[in-house]
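Q: Got a structure for you, questions after.
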Amino acid sequence: MGRSRRTLPEELLLLALDPTTGTTAQPQSLDLGLAGAQLVELALAGRIAPDGDRIAVVVPRPTGDPTLDCALELLRRRGAPVRAVHWIGGPRLGLRQTYLSHLERCGMVHAVAGQMCGVLPTTRYQATDTAISREIRTRLDSAIRTGVPPDPRTAALAALAHAVGLGKHLYPGNEGRSSRSRLRDLIRHDPMGGLVAHAVMDVQNGAAAPPRRAAPAPAPAPAGRGGGRPVAESATRMPVPQRRGAMARAVAH
């Protein structure tokens, strides 16, 4: 996969990046969206394919993108198709920061160091080429306003943007309500994007946890000669009369 085309995770992150504050909108759900965007990008590259509600690796050959190839290798190691909701809901610590650093290395953003309350160090990210962000946004706006079915990449981007809650960031207020509604409707134009977007929303609604196995019942203790009492217990305890006699003798001495 050459670098002439931006990947879906990169585009989703650039959409979420606020040009004024240098922060990302919906940071909690954005990590889930980035994991889902990786799946869609790998599907567009022909490396994985949907298998019902599961994801199967069909071509394990690397794409040339290190971050995508890491995800592809993890999927390959599963050895069997994995449910999209379980994959997206798995540990994804630092995925947003990984992609921010990746965009910085590619020259799409630059980091701006600062402080919060004059003490805590912070890092904000500004786009180095606003034309890239405008082009991504124009594609999305065109798909929403023209009603023409978008290409699979744009449809998947719209589905993911809706799934992570970017609608109110991109189209705020009452005037943006119809655009947010059409953004949601674009989810039907790409099967893989729709599968992943629904999985992202299911994770946010708490549907990602695999069923718990029942805890095994504790093994019964071996029965001793003292009426079913464990051997260790019956061997260390004397009958009540014997204990009283032993205590009397000890006091007498």
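Computed from the coordinates by the stated procedures, all read-outs in this text should not be read as laboratory data. No experiment lies behind these values; they were computed from the predicted model shown. Because the Cβ atoms are built from the backbone with ideal geometry, glycine has one as well, and the counts that use them run over all protein chains shown.
Q: Amide H of D51: which non-local residues (sequence gap of 5 or more, or other chain) have their own amide H closer than 5 Å, using H built in the peptide plane?
A: Amide H neighbours of D51, under 5 Å, 5+ apart: A56.
Q: HN-Hα J couplings of segment 6-18 from phi, Karplus 6.51/-1.76/1.60, θ = phi - 60°, integer Hz, Gly and Pro as x?
A: Once θ is set to phi - 60°, the couplings for segment 6-18 become 6, 7, 4, x, 5, 5, 5, 5, 5, 5, 7, 6, 7 Hz.
Q: Around E104, with a cut-off of 14 angstrom between Cβ atoms, what is the net charge of the other residues, counting Lys and Arg +1 and Asp and Glu -1? Don't skip to the answer; put the middle values down first.
A: Working: positive: R96, R105, R124; negative: E10, D129.
Once positives and negatives cancel, what remains is +1.
Q: Now for a different question. Tell me, what HN-Hα J-couplings in whole Hz come from the Karplus equation 6.51 cos²θ - 1.76 cosθ + 1.60 at θ = phi - 60° for each residue of segment 125-132, using x for Gly and Pro?
A: These are the phi-based 3J(HN,Hα) values: 10, 10, 5, 7, 10, 5, 5, 5 Hz.
Q: Between H110 and D53, what length in nm is gained on full extension when 0.36 nm per residue of separation is reduced by their alpha carbon distance? Walk me through the intermediate numbers first.
A: On the way: separation 57, 0.36 × 57 = 20.52 nm, distance 3.80 nm.
My answer for the length gained is 16.7 nm.
Q: Taking θ as phi - 60°, what are the ³J(HN,Hα) couplings along segment 160-166 by the Karplus curve (6.51, -1.76, 1.60), each to the nearest whole Hz, with x for Gly and Pro?
A: These are the phi-based 3J(HN,Hα) values: 5, 4, 5, 4, 8, x, 7 Hz.
Q: Please give the FRET efficiency for Q126 paired with R184, using the beta carbon to beta carbon distance and R0 = 22 Å, rounded to the nearest 0.05.
A: Values: r = 30 Å, r/R0 = 1.35.
FRET efficiency, Q126 to R184: 0.15.
Q: Can you list residues from other chains, or at least 5 along the same chain, whose modelled amide H is less than 5 Å from the amide H of G89?
A: none
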